[in-house]
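Inspection log for the structure reproduced underneath, given as structure tokens.
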Amino acid sequence: MSIYYASDKEDITKEALQELFLSVEWESGKFPNELLQAIKGSHSIVAAWEGDKLIGLINALSDGVLTVYFHYLVVHPSYKSRGIGKEIMNIMLDRYKDCKTKVLISYSDAVDFYKKVGFNTEDGVTPMFISELT
């Protein structure tokens, strides 16, 4: 089966999201109703599908003009190293090419990937959180 990419939020179910997010052991996968609401409330998404299986996803939170935040970029472990993450990130970067600032927070195991697609760290910037997921 071939992999295809789509931007329709309506095709995504909470079950598909939960399966994808738990496959990478992300805490947000334990909150499928809230996760679905978050994805549907995003400015835009790109989803990677193989048939009816959700295998990758990126979402953007944006004002559409100045700033875009890429919140989630997740690829099912069975599909890693196939260029899916790079493809969905490139689709988003093209979609938001006119935004002046593109922001994401990367965890240490993904820093090299994000550098490959053009992101860099910036001196004087510290990501900060209040997280209630655990």
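The values are calculated or read from the model by the stated rules, or taken from the named source; none is laboratory data. Worth saying up front: this structure is predicted, and the values here are computed from it rather than measured. With ideal geometry, Cβ positions are generated from the backbone for all residues, glycine too; neighbour counts draw on all protein chains shown. Remember, those area values only see protein heavy atoms, side chains included, never the ligands or the DNA or RNA. Shrake-Rupley method; radii C 1.70, N 1.55, O 1.52, S 1.80 Å.
Placing a label point 7 Å from the Cα of residue 11 along the Cα-to-Cβ direction, the residues of the range 26-46 whose backbone N falls under 18 Å from that point are 36, 39-46. On the chain, 50 percent of the accessible area sits on carbon and sulfur atoms, based on a 1.4 Å probe. GNM on the chain, alpha-carbon springs under 10 angstrom: the most fluctuating residue among 45, 105, 55 is 105.
Residue separation of residue 126 and residue 94 scaled by 0.36 nm, minus their Cα-Cα distance, works out to 8.9 nm of gained length. Number of Lys-Lys pairs in the chain with C-alpha atoms under 19 Å apart and a separation of 8 or more places or on different chains: 21.
Would you mind getting the accessible area per residue of the chain, heavy atoms of the protein chains only, 1.4 Å probe, in Å²? Value returned for the chain: 63 Å² of accessible area per residue.
Out of all DSSP beta bridges with both ends in the range 1-123, state the antiparallel percent to the nearest 5. Don't skip to the answer; put the middle values down first.
On the way: 17 of 21 bridges.
Counting DSSP beta bridges with both partners in the range 1-123, the antiparallel share is about 80 percent.
The value of relative contact order for the chain, using C-alpha pairs under 8 Å at least six residues apart, is 21 percent. Three principal axis extents of the range 1-66 based on alpha-carbon atoms, in descending order, are 36, 28, 19 Å.
Given the alternatives [x] 118; [y] 108; [z] 129, volume of the Cα convex hull per residue in Å³ as computed for this entry is given by [x]. At most 16 other Cβ atoms within 10 Å plus a DSSP loop assignment makes a site exposed; report the longest stretch of the chain without any exposed trypsin sites (Lys or Arg not before Pro). Looking at the chain, 1-79 is the longest stretch - no exposed trypsin sites (Lys or Arg not before Pro) with at most 16 other Cβ atoms within 10 Å.
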